[in-house]
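Here's the structure, in structure tokens; my notes come after.
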Amino acid sequence: MSQFIAILKDSFREAMDAKVIYVLLGLSILLMGVTATISYTPVEPNEAFTGILTRFNTVFPDRGRAKIPLGLPPAMTYSATDLRTTTGGYSLRLEVKPGAGEFSFLGGGGGRQNLQGDALRFAVVNWMKPPGPTRTFMLPANGGAVPFEVAEPQDASPDEQAAVTDEQIQEFIRNQFATHAGISEASVSRVKGIAEPAYAFDVDLKMSDAVRGWPHRIRLFFGALALPTPMPLGVVLWFIEEKIINGFGATITLLIGVVITGFFIPNMLRKGALDLIVTKPISRSALLVYKYLGGLSYMVILTVATVGGIWLVLALRSGYWDPSFLLLIPILTFTFAILYAFSTLVAVLTRSSIAAILLTCGFAFFLFVVGAIKVELDNFRADPKNKSEVNETFAAVMDGLHFVLPRYKDVDRLTTKLISDATLTPLEQYAMAKTKADYPKWGETFGFSLGFIAVCLALSCWRFQTRDA
């Protein structure tokens with residue numbers, strides 16, 4: 001253990017001797033300072049609930065578990081009355097009334113289909129069913145058009161609608177508050193004596209911390225600059241955590257980490273340095289593995305400082321204390337461990353820092369390209385209509401590469417999912433991600449990547465043991 005600690009200290013010293021790490025730590029502190037200038041002011045309850053309830057006509061089938069929302073018509077109006085502040089939340093009377101528009105839907109063939117029965121019961125029946133066929137609308141946006149895919153409503157017979165119980169309707173309302181506001185603790189009780197198709201519910205909402213779906217007024221630089229419209233708190237946190245930290249910041253940190261640690265192993269393998277080290281009572285394999293683990297201290301230092309600092313600042317300023325973001329510390333360290341294992345193998349084979357840096361950067365780019373193509377291919381194949389258009393040879397090659405290579409891109413996708421699940425509501429996730437393919441499994445992703453790390457280190461140790469010093 002004393003030998004490992006000594007080598008760890010030596011690697012830590014090498015990391016700190018690279019002055020770039022001080023620059024990165026300084027940038028992390030600067031980013032924390034800028035983040036601390038952002039203020040998050042929740043809008044008034046009346047305004048907040050008005051915005052939240054306008055989204056209640058968007059329903060996710062399979063009891064809210066589906067990825068794609070239903071294309072239901074805006075056949076109901078939801079409104080909040082008798083709004084009161086309670087201990088740890090709000091209570092309100094939720095009124096549901098038939099909308100002024102026609103209860104119909106533009107079907108896949110282009111014709112308008114009239115929907116029968118009670119609009120709320122029709123929505124609950126479709127909410128409980130698995131998603132059916134989908135269709136894509138082209139919605140105008142920024143002077144152009146973007147595709148927006150929805151699941152078509154399924155038939156809900158009068159008998160199916162009549163069979164819907166009050167408990168199922170209340171569960172549906174609770175799920176809508178969780179889906180569109182991020183409020184998971186809701187007590188819903190139907191008010192009796194109101195003739196259908198109108199409904200009323202007494203709702204009690206518990207919100208111990210800041211709510212991710214609640215609209216907030218965002219001001220930057222201690223109020224000097226204000227965003228023009230309120231935004232859901234989770235969307236702002238998602239942008240900072242995903243785009244700035246996990247996107248731009250992680251890429252720069254990994255790249256610089258490859259450059260800095262690319263010198264560690266070659267420096268150890270220099271003739272004089274290695275002659276001195278091998279005289280000590282430690283095997284070459286243990287020495288190399290200890291050096292590899294010591295090199296990971298670079299990423300640990302930066303991720304703990306940056307991720308931990310940003311999370312603390314965001315939590316203190318916004319009041320949203322979700323610890324999921326802290327998992328980026330081990331995840332980013334593991335991502336770097338993949339690249340550093342490859343860098344170690346190249347360094348042992350070539351004894352060249354330049355070769356280790358350039359080949360590792362090229363390998364990282366190759367992994368990213370393969371992963372990105374695999375994601376697009378999976379999204380394309382997820383639609384049964386595209387099955388005949390898939391080039392089987394190309395698909396087999398990409399599947400094979402994905403199988404044998406470490407899951408570099410999959411780790412990034414899982415990190416994105418982790419952040420999105422913690423900050424965005426399902427509707428916001430769908431609007432921003434729009435992925436059809438299933439996310440990779442955590443165990444498979446880290447298992448295959450850990451296997452790659454083990455193979456690289458085993459080959460490095462074998463070569464280090466067999467070559468002349």
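Any idea which residue in segment 316-336 is farthest from the chain's Cα centre (by Cα), counting only those that are among the hydrophobic types (A, V, I, L, M, F, W, C) and surrounded by fewer than 23 Cβ atoms within 10 Å (Cβ to Cβ)? I'd like the intermediate steps shown before the answer.
Narrowing segment 316-336 to residues among the hydrophobic types (A, V, I, L, M, F, W, C): 316, 321, 325-329, 331-332, 334, 336.
Retained after the next criterion (residues that are surrounded by fewer than 23 Cβ atoms within 10 Å (Cβ to Cβ)): 316, 321, 326-327, 329, 331, 334.
Values: Leu316: 22, Trp321: 17, Leu326: 13, Leu327: 12, Ile329: 15, Ile331: 13, Phe334: 17 Å.
For segment 316-336, the residue satisfying everything is Leu316.
Sort through Pro406, Pro384, Pro426 and tell me the only one that's more than 23 Å from Leu293 (Cα to Cα) and either crowded, with 18+ Cβ neighbours inside 10 Å or outside the structural domain of Leu314 (by TED's automatic domain parsing) (or both).
On the way: Pro406 fails: more than 23 Å from Leu293 (Cα to Cα); Pro384 fails: either crowded, with 18+ Cβ neighbours inside 10 Å or outside the structural domain of Leu314 (by TED's automatic domain parsing) (or both).
Answer to the check: Pro426.
Mind listing just one residue for me: the one in segment 58-76 that is touching a residue at least 12 places away in the same chain (Cβ under 8 Å) and among the basic types (Lys, Arg) and, of those, surrounded by the most Cβ atoms within 10 Å (Cβ to Cβ)? Lay out the reasoning, then the answer.
If we filter segment 58-76 for residues that are touching a residue at least 12 places away in the same chain (Cβ under 8 Å), which is where we start, we get 58-64, 66-76.
Of the ones still in play, those that are also among the basic types (Lys, Arg) are 63, 67.
Values: Arg63: 14, Lys67: 20.
The residue in question is Lys67.
Just to be sure I understand the filter: pairs with C-beta atoms under 9 Å, separated by 6 or more residues or on different chains, first member in segment 120-138 and of a type in the set (Phe, Trp, Tyr), second member in a loop (DSSP other than H, G, I, E, B) and at pLDDT 90 or above. Which pairs pass?
Pairs that qualify, where the first residue is of a type in the set (Phe, Trp, Tyr) and the partner is in a loop (DSSP other than H, G, I, E, B) and at pLDDT 90 or above, are Trp127/Val59; Trp127/Phe60; Trp127/Pro61; Trp127/Asp62; Trp127/Arg63.
Within segment 168-209, which residues are touching a Lys or Arg at 6+ places or on another chain (Cβ under 6 Å), in a strand (DSSP E or B) and within 21 Å of Ser318 (Cβ to Cβ)?
Glu185
Of everything in segment 185-213, what is out of contact with any strand residue (DSSP E or B) (no Cβ under 7 Å at 6 or more places or on another chain) and surrounded by 14 or more Cβ atoms within 10 Å (Cβ to Cβ)? Give them in sequence order.
Filtering segment 185-213 down to residues out of contact with any strand residue (DSSP E or B) (no Cβ under 7 Å at 6 or more places or on another chain) leaves 192-193, 195-196, 208-211.
Listed by number, the residues that qualify are Ala210, Val211.
So, in segment 387-403, how many residues would count as being surrounded by 18 or more Cβ atoms within 10 Å (Cβ to Cβ) and free of Cβ contacts under 8 Å to residues at least 24 places away in the same chain?
Final tally of qualifying residues: 0.
So how many residues does segment 16-38 have that are surrounded by 13 or more Cβ atoms within 10 Å (Cβ to Cβ), of a type outside the set (A, V, I, L, M) and at pLDDT 90 or above?
Qualifying residue count, segment 16-38: 2.
Of all residues being in a loop (DSSP other than H, G, I, E, B) and crowded, with 19+ Cβ neighbours inside 10 Å in segment 39-57, which is nearest to the chain's Cα centre (by Cα)? Just the residue, please.
So the residue we want is Phe56.
The values are calculated or read from the model by the stated rules, or taken from the named source; none is laboratory data. Since this is a predicted model, take the numbers as computed values, not measurements. For neighbour counting, all protein chains shown are included, and Cβ atoms are generated from backbone atoms with ideal geometry for every residue, glycine included.
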